[in-house]
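The values are calculated or read from the model by the stated rules, or taken from the named source; none is laboratory data. Computed from a predicted model, the values in this text were never measured in an experiment. No Cβ is skipped: glycine too gets one built from the backbone with ideal geometry, and neighbour counts run over all protein chains shown. For the accessible areas, the whole protein counts, side chains as well, though only heavy atoms, and no ligand, DNA or RNA atoms are used. Shrake-Rupley method; radii C 1.70, N 1.55, O 1.52, S 1.80 Å.
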Amino acid sequence: MMLVRNWMKRPVHSVKPKDSAQHARSLLEKHRINQLPVLVNGVLVGIVTDRDLRDVFPSVFEVAATRAERPAFPDPDKVTVEAVMTSNVATVAPSDHVVDAARVMRKERIGALPVVEHDQLVGILTRSDLLDALVTLAADADPVR
């Protein structure tokens, strides 16, 4: 019961390497998520996070402080996902135990793990999914709650 397949989210929202940073950010905001796997023909080639994209978009403070100077901020429509994504992605399989997935996420200090089976992305496991598993496990262990 505590297998990744029982807790992962699917379908998974994803982007392609040549998609713009603006497109990726729009998807993150629209779906209220923090990570997007990067796929080529269904195969995982990277992951881009809200944190990766923050560097592409100037903050309100940067814009206000340098408005008179007109700094050359990168155009988010011209910056590609592949320019800011992480290529070496930790993954899990649907048959892995959530405890093992949690250990990987803790060790690597990441918020999500793409779930891959037969070289194809089949889901994504996030910190929220692990918390859901913990709540279920705790409730089962303490039936008074």
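Before moving on, here are some points about what is shown:
- Top-ranked residue in segment 10-22 [being in contact (Cβ under 8 Å) with a residue 40 or more places away in the chain and either open to solvent by less than 80 Å² (accessible area, probe 1.4 Å) or touching a Lys or Arg at 6+ places or on another chain (Cβ under 9 Å) (or both); ranked as nearest to Leu113 (Cα to Cα)]: Val12
- Residue in segment 97-115 that is modelled with pLDDT under 95 and touching a Gly at 6+ places or on another chain (Cβ under 7 Å) present: no
- Search result, residues across segment 101-145 that are among the charged types (D, E, K, R) and either open to solvent by less than 70 Å² (accessible area, probe 1.4 Å) or free of Cβ contacts under 8 Å to residues at least 24 places away in the same chain (or both): Arg103, Arg106, Lys107, Glu108, Arg109, Arg127, Asp129, Asp140, Asp142, Arg145
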